[in-house]
Amino acid sequence: MKQLLFSLLSAGMLLTGCKSDNEKADDALQQVATAGANSPEAKAREAAWKLATTKPPRLAPDKPIDLRLAVEQLLPKDGYLQLVSVKAADAAEPAILQLPILWRSIKGNYPPVAPGYRLPFEAVLKWHPVGYAPREKIPTEMALDGPWASDTLASFTLREPGVTLPGQAGDATISMRPWREVTVRGVLYAYATTPAAGQRASLVLYPYHNPLGTPDARKMVYLPL
């Protein structure tokens, strides 16, 4: 009996010792986690997420944004679509927008988004047929695809009626005739900026012409506010 009691006491001491070691390990891990959460790197990452996920303020309705330069970024470079006129179709809508791949931070766990605005617009376009030979027959009608749907980054393109492009709905088009004006509506996307001292606030348009390029300040399209 004494031997059994001694064995039980010894086992209990071993279990107590193991538990104590586990608790010490947990405490050490907790200290490391706490130190990591309070590190300058962690605080900087937390600040970046807070800044990136906070919607910007609504813009003053009495100061409309000139969207001509922005809508021109949606036109084909071939020049067969002319922008006759453009105006804001509604107030700019504050939003959190996805950043282009190469605009995102290379640091781990940093936000892939930024505060910005959806900019509804109404534009008048005219089709000027180009690229046709002198005696080549010009189509009497073409289908215009564009940024009609919400949260799309589509640009304006013309195609033959009845030919559906991959990823586009066949009914999400507008009919166009040569040299005829047509009114369209769409949405642009721009990121809010923090102006430097003495500079006007502005928006940076989504890089429609080069979405896979690096952020080059010389090529960005700025919309003054």
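D by Stokes-Einstein for segment 41-134, Kirkwood Rh over Cα pairs, 20 °C, 1.002 mPa s: 131 µm²/s. Positive contributions from Lys and Arg (+1) and negative ones from Asp and Glu (-1), summed over other residues with Cβ under 15 Å from the Cβ of LYS107, come out at +1. Rounded to the nearest Hz, the phi-derived 3J(HN,Hα) couplings of segment 134-147 under the Karplus curve 6.51 cos²θ - 1.76 cosθ + 1.60 (θ = phi - 60°) are x, 9, 6, 6, 8, x, 7, 7, 9, 9, 9, 9, x, x, where x marks glycine and proline. Couplings 3J(HN,Hα) for segment 102-116, derived from phi with the Karplus relation 6.51 cos²θ - 1.76 cosθ + 1.60 (θ = phi - 60°), are 7, 8, 7, 5, 7, 6, x, 6, 8, x, x, 10, 7, x, x Hz, where x marks Gly and Pro. Phi-derived couplings, Karplus 6.51 cos²θ - 1.76 cosθ + 1.60 at θ = phi - 60°, listed residue by residue for segment 53-70: 10, 9, 5, x, x, 5, 7, 5, x, 8, 10, x, 8, 6, 9, 4, 4, 6 Hz, with x used for Gly and Pro. Charge tally for PRO211 (other residues, Cβ to Cβ under 15 Å; Lys, Arg +1; Asp, Glu -1): +1.
Sparsely packed loop sites in segment 64-143 (the GluC sites (Glu not before Pro) outside DSSP H, G, I, E and B with at most 10 other Cβ atoms within 10 Å) comprise GLU136. Between the amide H of THR193 and those of SER202, VAL204, distances stay under 5 Å, these residues lying 5 or more places away or on another chain, with hydrogens modeled in the peptide plane.
Readers should treat all values here as calculations from the given coordinates under stated rules, not as data from a laboratory. It should be emphasised that the depicted structure is a prediction, and the values quoted were computed from it without experimental measurement. Every residue, glycine among them, receives a Cβ derived from its backbone with ideal geometry; neighbour counts consider all protein chains shown.
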